[in-house]
Amino acid sequence: MILLAAVIVGTIVLGSIYALMAIGLNLIYAVAEVVQLAQGDMLVVGAYVGYLITRFVPNLFLAEIGAIVGCGLLGVVVQLLLFRPLAGRGHLPPLVAGLMLGTAIEEGLRATFFQGNPVRYPSGATLSTSLFNVAGVPISEAQVVIVAIVAVLAIGLNLLLNRTKLGLAMRAVAERPACARMLGVPVATVVTLGFGLGSALAGAAGVLIAVVFSYITPFIGIDLGFVALAICLFGGLGSLSGAVIGAFILAFTEQVTTIYIASSYKDAIAFTLIIVVMVFRPSGLMGRLVAERP
Amino acid sequence: MNWAYIGSLAAIGAINLLMALSVYVPLSAGLLSVAPIGLMALGAYALAIAMAAGVPTPLAFVLALAVGSAAGLVVGLLTVRLTGFSVAITTLGIAEVIYTVINNASATGASAGFSNISPISSPIVLTACTLAALAGVVVLESSIFGRQIRAVQLDEIAARSVGISATMIRLFTMTASGLLAALAGVLYAGYLTYLDPQEFTLGTFNQYLMADIVGGLSSVVGPIVGTLLFTALPEATRFLGGWRLFVFAILVMIVLVIRPRGLLDFVPLPKVRFGRRKLGRRPPAMESAALTFDGVTKRFGRVHVLNDVSFSVHPGTVHALIGPNGAGKTTLLNVASGYVASERGSVLLGKMRLNRRSPDFVARAGLVRTFQNPRLFPSMTVSENVDVAVRRYQPEQKADEELWRRLQLEEHAATRASALAYGQLRRTEIARALRTGPSCLLLDEPTAGMDREETEALRALLLDLKAAGLGILLVDHDMRFVMTIADRVTVLNAGRVIADGSPGEVQRDPAVVEAYLGEPGTGERSTVDVEEGKVGRGGVGNVKIDA
């Protein structure tokens, strides 16, 4: 019973971080029509930005804000310099660009930070993982804070998308870019900002992952990118609510596998899910991809 | 000169080239496959395990190649229905599964790797294998099959419309990619004599991909030059130290943005060298066959786009299909040519059922179409576009100068399709359709975008084709053209056949007048856009409906 409670708590924590990551990826796909294959590496950039900040000021909230701003700016720059010029050239160039960006980020971080050896946040900037009981459910300070941060971000994102003019413009561009342009929406700018927002969410997830994993290397991004991709395919590319549902389902599966089977099989879940969904339901489980017709 | 060092560089270069080719072959069909890195591992480990089990070296070599090719075919089968980025993502998953297995299974030595492999990759073996593989790719690329692979890359729908089986081409390129990757893996294992699973990750794949992107995908010269560059560069850029791959990745991104077709953009598409290149077409209507629609029904959601549509297009006739916008004309063409499956009813060419057949099968059966928006291969010339439609070269074939003159294409033969005007695009598309030697032709709005002179030339051509026994199903909005060329007219409205007969009968049919001009007596013209000043009284002869 305690074990089940631990699984549920773990699912909520991990699932909320996964949701951030996957919503970011989906937002980029919806607005910019790009499957950002370097989203996992963007997350790692966030984790390292957090690391840099906590080296000087050991405050996790500052690290979180720094990672959001840093990755948001990086996303804007990457969209302007790399993905915008590639738009309209078919599906291959953005995919290749994502792979190359991933290599550049991994190798750049490896060369900058101790040859890629694991780094840890200083003790003042981490959260206690010792468990205490709340009505018989074991919970740690770290878990409470992470879920709280994600909740705040989720509310903020919801307000941004539904209550602001920029959010309205993003949703319009996601659904009918040509129509949005005719109505005077500056589509190119909105796409850039959407890309930045999606990247900022990855950065936000990066700091939280650093807390959960307790260490980071430049290479943790690949598998996390897979996780994000699997979630998006499962929940339907471009669907934000699908990403949330998919994130919690995948997190739950991983928790159960780790606790009841073996943790070495955990990583296989995401890409097995990718293959199964793609092969048997090419349009995604709740997908909206449609075949091309003349 | 340190010959041992140069030798090792050459060996690594040869393996790099094989991998660059393994990534290049699917790319030339428009597929980004990450599977090669996993298939390279399969080949390498298959050799190592087989030799450790005492299998004789040549047998182990062949076995490893067979494993790689078979795995490539499986990758092809798993991804054959997928389009665009889905192929990349699925193969990424496949490569990661293979990596996870070799990194954890005891048979492969898990993360400790596999050592003590016999050194079988002598310089002679390496050179011979690499040259053989390279020769294979060059021959493939300069054959008619190579042209078809490129056609699938440029526009799969158009390629299928002239009978190219994109399915077969995708399976073939994925299998060939698996063979090349396994060969690279085998030589790699036999050269290094140990295997480290960390060498078979996405990071390594990206390095092979870099060579293809920087060299360019116009022809096999791209991967060759790219590989030379990336084999030599690490030596020339030692001063970069740990930043080497970072700098390379940035450079590749710059190339991707400012030279999308790679550094060797100026290298033209490979010329077809197998068989004599002849312009012209097989005589149409090798065996004349009627095209029959029998009760064809199709719904999109709750809307009946086609409702029990039945009529026949006989050999040696021009049969027009007209109707207001949204009547279902293009959908009917899509059903006939295999792009859309009907729910009920059948489409027959002669006695052959075409229902639920692939578009390329339909085209090879002799039913060939053009598109409402012309779909040519933009980077190919007019004559290359037309030649794509040929399945094999027939040296005895006579060039049909007459057809080219008729379609006013002879002076444009060497022009890239991307530089053509709209009417020229349409004429090229018709020439391409005829090049397949069809027994029945489906033309979707052939006169749209054509001037009067072009339209009259088309009329003459269609009349000749008709006289030669070809059946032609014509969808067009130029009523003057339709009513003067058609032997028979079928009128669709809201998915139903509302009239079927000679042009004269149809024009007098009250139901047709109603469909085009609104309710009788009310003067309402809600379903048509009538061309200014050309509204005829009591007939539809002059009515022009917008596309």
- Item | Under 20 Å from the B:Arg244 label point (7 Å along Cα→beta-carbon), backbone N, segment B:1-32 | B:2-20
- How much of the accessible area of segment A:2-280, in percent, comes from carbon and sulfur atoms when a 1.4 Å probe is used? 70 percent
- Task: Can you find, among B:Leu229, B:Ala389, B:Gly295, the residue farthest towards the positive end of the dipole of chain B? Put +1 on the C-beta of Lys and Arg, -1 on that of Asp and Glu.
- Result: B:Ala389
- For peptide A:119-129, the mean count of other chain Cβ atoms within 10 Å per residue Cβ is 0
- Taking a ≥ b ≥ c as the square roots of the Cα gyration tensor eigenvalues, with a/c under 1.5 meaning rounded and otherwise prolate when a/b beats b/c or oblate if not, segment B:1-91 comes out oblate
- Task: Roll a 1.4 angstrom probe over the protein heavy atoms and tell me the percent of accessible area of chain B that is carbon or sulfur.
- Result: 58 percent
- Query: Per the Kirkwood treatment, what hydrodynamic radius in Å, one decimal, follows for segment B:113-199 from the mean inverse distance over all distinct Cα pairs?
  - Reply: 15.1 Å
- Item | Summed residue charge, Cβ within 13 Å of B:Thr167's Cβ, Lys/Arg positive, Asp/Glu negative | +3
- Protection-proxy order for peptides A:129-136, A:249-256, A:222-229, each taking the mean of Cβ atoms within 10 Å per residue, highest first: A:222-229, A:249-256, A:129-136
- Can you list the residues of segment A:5-35 with backbone N under 20 Å from a point 7 Å past the Cα of A:Arg181, pointing along Cα to Cβ? A:28-35
- Query: Residues in segment B:12-38 near a label at B:Val125, defined as backbone nitrogen under 17 Å from the 7 Å Cα→Cβ point?
  - Reply: B:12-16, B:18
- Roughly what angle does helix B:422-435 make with the longest principal axis of chain B, taking Cα atoms, 0 to 90 degrees, to the nearest 10? 80 degrees
- Mind checking the angle between helix A:141-163 and chain A's longest principal axis? C-alpha axes, 0 to 90 degrees, to the nearest 10. 20 degrees
- Note on the structure: Highest mean packing first, using Cβ neighbours within 10 angstrom, the peptides A:162-170, B:293-301 sort as B:293-301, A:162-170
- What relative contact order, as a whole-number percentage, does segment A:2-280 give when Cα pairs under 8 Å and 6 or more residues apart are counted? 39 percent
- Task: Would you compute, from DSSP H runs of 4+ residues alone, the mean residue ellipticity of chain B at 222 nm, taking -39500 (n - 2.57) per run and dividing by the full residue count, rounded to the nearest 500?
- Result: -16000 deg cm²/dmol
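Once the Cβ-Cβ distance between A:Thr189 and A:Asn158 is put in as r, and R0 is 22 Å, what FRET efficiency do you end up with, to the nearest 0.05?
So, using R0 = 22 Å, E works out to roughly 0.50.
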- Query: Can you give the Kirkwood hydrodynamic radius for the protein assembly as shown, in Å, rounded to one decimal and based on Cα pairs?
  - Reply: 29.7 Å
- Query: Which net charge results for the neighbourhood of A:Asp41, defined as the other residues with beta-carbon distances under 12 angstrom from its beta-carbon, given Lys and Arg at +1 and Asp and Glu at -1?
  - Reply: -2
- Query: Between B:Ala419 and B:Leu77, what is the spin-label point distance in nm, taking each point 7 Å from the Cα along the Cα→C-beta axis?
  - Reply: 4.6 nm
- Note on the structure: Partner shielding of A:272-281, taken as the mean number of other chain Cβ atoms within 10 Å, equals 5
- Antiparallel as a % of all DSSP beta bridges within chain B, to the nearest 5? 60 percent
- Message: So if each residue of separation counts as 0.36 nm, and I subtract the Cα-Cα distance between B:Asn2 and B:Thr204, what length gain in nm does that give?
- Response: 70.0 nm
- Protection proxy (average C-beta count within 10 Å per residue), highest first, orders A:269-280, B:505-516 as A:269-280, B:505-516
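Where does chain B land on Rg/Rh, using Cα atoms and the Kirkwood Rh?
Computed over Cα atoms, the ratio is 1.09.
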- Other chains near B:238-248: what is the mean number of their Cβ atoms within 10 Å of each residue's Cβ? 4
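Magnitude of the Cβ-charge dipole of chain B, K/R +1 and D/E -1, about the Cα centre, nearest 20 debye? Display every interim value, and only then the final one.
Values: 49 positive and 43 negative charges, 158 e Å.
The calculation lands at about 760 debye.
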- Query: Mind checking the angle between helix A:2-32 and chain A's longest principal axis? C-alpha axes, 0 to 90 degrees, to the nearest 10.
  - Reply: 20 degrees
- Item | Heavy-atom accessible area ranking, 1.4 Å probe, most first, across B:Lys351, B:Lys329 | B:Lys351, B:Lys329
- When only Cα pairs under 8 Å and 6 or more residues apart are kept, what is the percent relative contact order across chain B? 16 percent
- Query: Dipole size in debye (nearest 20) for the protein assembly as shown around its Cα centre, Lys and Arg Cβ +1, Asp and Glu Cβ -1?
  - Reply: 740 debye
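What accessible area per residue comes out for segment A:2-280, rounded to a whole number of Å², with a 1.4 Å probe?
Heavy-atom accessible area per residue stands at 40 Å².
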- Message: From the protein chains alone at 1.4 Å, what is the descending order of accessible area for B:Met450, B:Met210, largest first?
- Response: B:Met450, B:Met210
- Message: Nothing charged except the Cβ atoms of Lys and Arg (+1) and of Asp and Glu (-1): what's the magnitude of the dipole of segment B:139-260 about its Cα centre? Round to the nearest 20 debye.
- Response: 220 debye
- Just the number, please: Stokes-Einstein D of segment A:2-280 in µm²/s, Kirkwood Rh from C-alpha pairs, 4 °C, 1.567 mPa s. 68 µm²/s
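The values are calculated or read from the model by the stated rules, or taken from the named source; none is laboratory data. All values derive from a computational prediction rather than experimental measurement. Every residue, glycine as well, gets a Cβ built from its backbone with ideal geometry; the counts of neighbours run over all protein chains shown. Heads up: the accessible areas ignore ligands, DNA and RNA and are worked out on the full protein's heavy atoms, side chains in. Shrake-Rupley method; radii C 1.70, N 1.55, O 1.52, S 1.80 Å.
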